[in-house]
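Asks: Take a look at this one; I'll ask things after.
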2 protein chains.
Amino acid sequence: MRPGTTMATTGHLTSASKRMSFVRSAGVVQHRMGMVSQRMHQRMSSSCSSRGRSTAVVTYASASGEQKTIVIGLAADSGCGKSTFMRRVTQLFGGDPEPPKGGNPDSNTLISDNTTVICLDDYHCLDRYGRKDKGVTALAPEAQDFDLMYEQIKAIKEGKSVEKPIYNHVTGLLDPPETIVPPKILIVEGLHPFFDERVNELIDFSIYLDISDEVKFAWKIQRDMAERGHSLESIQASIESRKPDFDAYIDPQKAKADVIVQVLPTQLIPDDEEKKVLRVKMIQKEDVECFDPTYLFDEGSTVSWIPCGRKLTCSFPGIKFFYGPDTFYGENVSVLEMDGQFDKLEELIYVESHLSNTSAKFYGEITQQMLKNTAFPGSNNGTGLFQTLIGLKVREVYEKMTSKTVESVSA
Amino acid sequence: MRPGTTMATTGHLTSASKRMSFVRSAGVVQHRMGMVSQRMHQRMSSSCSSRGRSTAVVTYASASGEQKTIVIGLAADSGCGKSTFMRRVTQLFGGDPEPPKGGNPDSNTLISDNTTVICLDDYHCLDRYGRKDKGVTALAPEAQDFDLMYEQIKAIKEGKSVEKPIYNHVTGLLDPPETIVPPKILIVEGLHPFFDERVNELIDFSIYLDISDEVKFAWKIQRDMAERGHSLESIQASIESRKPDFDAYIDPQKAKADVIVQVLPTQLIPDDEEKKVLRVKMIQKEDVECFDPTYLFDEGSTVSWIPCGRKLTCSFPGIKFFYGPDTFYGENVSVLEMDGQFDKLEELIYVESHLSNTSAKFYGEITQQMLKNTAFPGSNNGTGLFQTLIGLKVREVYEKMTSKTVESVSA
């Protein structure tokens, strides 16, 4: 959600925080905006508006008190661990994500107790053959139906069910639509969640998963060559054919994200060929309301940390953390970085003890979450750690925007 | 003081900690040593033996309950800030250090409420002319009377006054002796406090002030050229003539010290010519009883820290801290390092908040001490900070060895 303009024109701004007793309806909010400064509004309410750029402080409850949907956007290329990421996030809201019951077995949707994850591939307006005909890749804006994407996400935010198309990844065709009922949390994941400005403005918290070319290549070789029997040449050709559109349409979206997870080759092994040890950076935008960046040791300082070997077992090449302020596409960010991997995940509690502003509900929750999901890829490195941290941030964003409390899920 | 051999043969081991009710006299200690392991002894007493290598846990109280003298050794070259260092340390025990009242105006001794600082130059056995005759420098062991040094420090530890010679730095001659009454804390400072093993064993806590050649040269130029009108060539010649003996007899003593303060050129300014910005390292030996090394953020980790610019004002070239484990002459040490200088000393409280095991009696004591002494050289950099920290350690060593409490001195 973006500034008052959007809220006022779309009309789905319904009621302000209960704590702001003098601001009870959208109409009143608009009347009073001139009287009270934005900063004062922020002080008067304990809740916060989405993505820190809204002119009015509101929570997402309709006039009837019914909960509206919070929208989380996750941008990432395919085969980059989006589903693991989603699983770590949705788990914090309870239940296991499953495809809609009794629906199309090739549905890309995952539903759990409070969350629904939809894949933006479902908004392809060109199927595999259509793209071939027109000579465009699946990454091209021409292959996406942004109007429908916008209309449907907007409708869900307004509490209305929608008939969302299904892009069948097996056949490459568009299947008959499925009904999406507004959930408490809608996660839209795919290649273009922030590309269309109307869609971007509907998103309350945005995440970009940024896999460096070197790591992406290593992963694709692992998956497509080892598991699917593709040749090295065909993998290289496939990556290279996608690259121009990826760079033109996907990559620039990271400038709009609230948090970016970058997966890079390790710096602990000189000239590492294997790309199995990863350096993962969590780039957290400053000044985003409802989102306080996690920090290491001391907020605002620049810190590099090689944890004590007596407290954390780490074999070659060891573990190194970094934290510090930086700028990213001209905006102030805090960067938290982890290079290397954990030997014993239960010792993560020691790392957790030095992290602050984690949005965990109790000391040990990060470690508990990581231990619960040891089987997930990336559990022993920064991808798992930062996905878990972002899951906690998503939960906090939801709680702050709705003034509701999510019970912490025990192990 | 060193292992049981020394204590048993010298016979000045008198009574054990009051808390160790079954160990009441030196004789009993010796009888029981075989029955109880050293570790158990350590657990049974809350106090600790000197320099961590003693076989019996004792506190320094005589049979009559009278306090014995704790001896602190400070090794350093002349013109390297020893007197400032001493002032910072003795201050913590109350009173201002002054030469003995009514004595030789050229006395090198400084006496305050509870401390006496003696200069080991007083144990020169060759005066300026004698050294010239024999062709030895003031650094040569042949120019020191180690027998007398040992006998007198031992006597002071035994509670006996001594007639200590005075080396007159003005005339270069040995003046008639002065009486040194046993103080609570005797600080022996000079070129050879740890050189003679008998003397070294009498020292309860040892400090080596290690100024790198580059910094020493810059300081000497500043003092001898600017203030005393010496030529650059004569300064260079003087340094070079001292260097062989310094390297042979003084420098190796740092291997024996419990804590070493190294003053090095900054690494924040590439090819710094001025040598005004300093990088100061405090090398703290591990496993020394009564001495817990100070650490930054997390004990045993390796941390580099550039403090937050919002919390600590620092103009060019900034401030950088480092902390981590290392080895020094084959022994385990913890290194704490500060490069750069403070702009506003009152903001040191922020740095203090991230230091642990400082031996301060209250949060803010380090900052208070530093602010009290802003006029002292090195107050805005690591020399002042680490001298203050070592002062607090000396106080703690004294308290632990004597089971007495030193009142903290308010500003």
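Asks: Using the Cα centre of the range B:207-318 as origin and beta-carbon charges of +1 (Lys, Arg) and -1 (Asp, Glu), tell me which of B:Pro244, B:Met225, B:Leu209 is placed farthest towards the positive end of the dipole.
Replies: With unit charges placed on the Cβ atoms, the residue in question is B:Met225.
Asks: What list of ³J(HN,Hα) values in whole Hz, one per residue of the range A:137-144 in order, does the Karplus curve 6.51 cos²θ - 1.76 cosθ + 1.60 (θ = phi - 60°) give from phi, with Gly and Pro shown as x?
Replies: 8, 5, 8, 6, x, 4, 8, 10
Asks: May I pose another question? By its C-alpha gyration tensor, with a ≥ b ≥ c as the square roots of the eigenvalues, how is the range B:266-411 shaped: rounded for a/c under 1.5, else prolate for a/b larger than b/c, else oblate?
Replies: oblate
Asks: Still on this structure: Among residues other than A:Arg87 whose Cβ falls under 12 Å from its Cβ, what is the net charge (Lys/Arg +1, Asp/Glu -1)?
Replies: After counting each charged neighbour, the total is 0.
Asks: On a full-extension model of 0.36 nm per residue, what is the gain between A:Val170 and A:Gln236, subtracting their alpha-carbon distance, rounded to one decimal in nm?
Replies: Contour length minus Cα-Cα distance gives 21.5 nm.
Asks: Counting other Cβ atoms within 10 Å, keep those with at most 16, restrict to DSSP loop, and tell me which chymotrypsin sites (Phe, Trp or Tyr not before Pro) in the range B:275-384 are left.
Replies: Answer by residue number: B:Tyr329, B:Phe362, B:Tyr363.
Asks: In the range A:118-200, which trypsin sites (Lys or Arg not before Pro) fall in coil by DSSP and have 15 or fewer other Cβ atoms within 10 Å?
Replies: Listed in order of number, the matching sites are A:Lys160.
Asks: So, with +1 on the Cβ of K and R and -1 on the Cβ of D and E, and no other charges, what is the size of the charge dipole of the range B:140-186 about its Cα centre, to the nearest 20 debye?
Replies: 320 debye
Asks: Moving on to the next point. Modelled label-to-label distance, A:Met225 and A:Lys243, 7 Å Cα→beta-carbon offset: nm?
Replies: In this crude spin-label approximation the distance works out to 1.6 nm.
Asks: For A:Pro270, place a label point 7 Å from Cα along the Cα-to-Cβ direction in every copy; what are the distances to the other copies, in nm, shortest first?
Replies: Result, one decimal in nm: 2.0.
Asks: Pull up all non-local amide H partners of B:Thr69: gap of 5 or more, or a different chain, and H-to-H distance under 5 Å with H placed in the peptide plane.
Replies: Excluding prolines and chain starts, which carry no amide H, the hits are B:Gly159.
Asks: If amide hydrogens are placed 1.01 Å from N in the peptide plane, which non-local residues have theirs closer than 5 Å to the one on B:Asn332?
Replies: Answer set, sorted by chain and number: B:Glu286.
Asks: In addition: How many percent of DSSP beta bridges within the range B:183-327 run antiparallel, rounded to 5?
Replies: Counting only bridges with both partners in the range B:183-327, antiparallel ones make up about 65 percent.
Asks: Compute for chains B and A the buried accessible surface, both sides summed, probe 1.4 Å, and express it in Å² to the nearest 100.
Replies: 1200 Å²
Asks: So, one more: Tell me which residues come under 5 Å, amide H to amide H, from B:Ser206 once H is placed; ignore anything under 5 positions away on its chain.
Replies: B:Gly73, B:Asp258, B:Val259
Asks: Could you work out, residue by residue across B:294-302, how many beta carbons of other chains sit within 10 Å of that residue's beta carbon, and then give the average as an integer?
Replies: Mean shielding count: 5.
Asks: Given a Förster distance of 25 Å, report the FRET efficiency between A:Lys344 and A:Gln267 from their Cβ-Cβ distance, rounded to the nearest 0.05.
Replies: Once rounded, the FRET efficiency stands at 0.65.
Asks: If you don't mind, there's one more thing I want to ask. How big is the charge dipole of the range B:94-133 about its Cα centre, in debye rounded to the nearest 20, if each Lys and Arg gets +1 on its Cβ and each Asp and Glu gets -1 on its Cβ?
Replies: 180 debye
Asks: Where both partners of a DSSP beta bridge lie in the range A:69-225, what percent of those bridges are antiparallel, to the nearest 5?
Replies: 40 percent
Asks: Still on this structure, I have one more. Given the C-alpha centroids of the range B:222-256 and the range B:312-364, what is the distance between them in whole angstrom?
Replies: Value for the Cα centre distance between the two parts: 29 Å.
Asks: Across the range A:123-128, in residue order, what do the Karplus-derived ³J(HN,Hα) couplings come to in whole Hz, using 6.51 cos²θ - 1.76 cosθ + 1.60 with θ = phi - 60° and x for Gly and Pro?
Replies: For the range A:123-128, the Karplus-derived couplings read 9, 4, 9, 10, 7, 4 Hz, x marking Gly and Pro.
Asks: Between copies, how far does the label point of B:Gly300 sit from its twins, in nm, shortest first, when each point is 7 Å from Cα along Cα→Cβ?
Replies: From this label point to the equivalent ones elsewhere in the assembly: 3.2 nm.
Asks: How would the range B:207-289 be classified by its alpha-carbon gyration tensor: rounded, prolate or oblate, with rounded meaning a/c under 1.5 and the a/b versus b/c comparison settling the rest?
Replies: Oblate, since a/c reaches 1.5 and b/c is not below a/b.
Asks: Same structure, new question: I need the phi-derived Karplus couplings for the range B:174-180: 6.51 cos²θ - 1.76 cosθ + 1.60, θ = phi - 60°, integer Hz, Gly and Pro marked x.
Replies: Result, rounded to whole Hz: 8, 8, x, x, 10, 8, 10.
Asks: Considering only the other residues whose Cβ falls under 15 Å of the Cβ of A:Asn168, what net charge follows from Lys and Arg at +1 and Asp and Glu at -1?
Replies: -3
Asks: For the range A:348-398, what does the alpha-carbon gyration tensor say about shape, rounded, prolate or oblate, given a ≥ b ≥ c as the root eigenvalues, a/c under 1.5 as rounded, and a/b over b/c as prolate?
Replies: Oblate is the answer for the range A:348-398, as a/c is 1.5 or above yet b/c matches or exceeds a/b.
Asks: While we're looking at this one, here's another question. Explain nothing, just the number: dipole magnitude of the range B:219-372 about its Cα centre with +1 on each Lys and Arg Cβ and -1 on each Asp and Glu Cβ, in debye rounded to the nearest 20.
Replies: Using only the charged Cβ atoms, the result is roughly 440 debye.
Asks: Out of the trypsin sites (Lys or Arg not before Pro) in the range B:247-318, which ones are loop residues according to DSSP with at most 15 other C-beta atoms within 10 Å?
Replies: B:Lys276, B:Arg310, B:Lys311
Asks: Taking 7 Å along the Cα-to-C-beta vector as the label spot, tell me the B:Lys404-A:Asn104 distance in nanometres, rounded to one decimal.
Replies: 8.7 nm
The values are calculated or read from the model by the stated rules, or taken from the named source; none is laboratory data. Everything quoted here is computed from the prediction, not taken from an experiment. Positions of Cβ are generated from backbone atoms using ideal geometry, with glycine treated the same way; all protein chains shown enter the neighbour counts. Note: areas computed on protein heavy atoms with side chains; ligands, DNA, RNA excluded. Shrake-Rupley method; radii C 1.70, N 1.55, O 1.52, S 1.80 Å.
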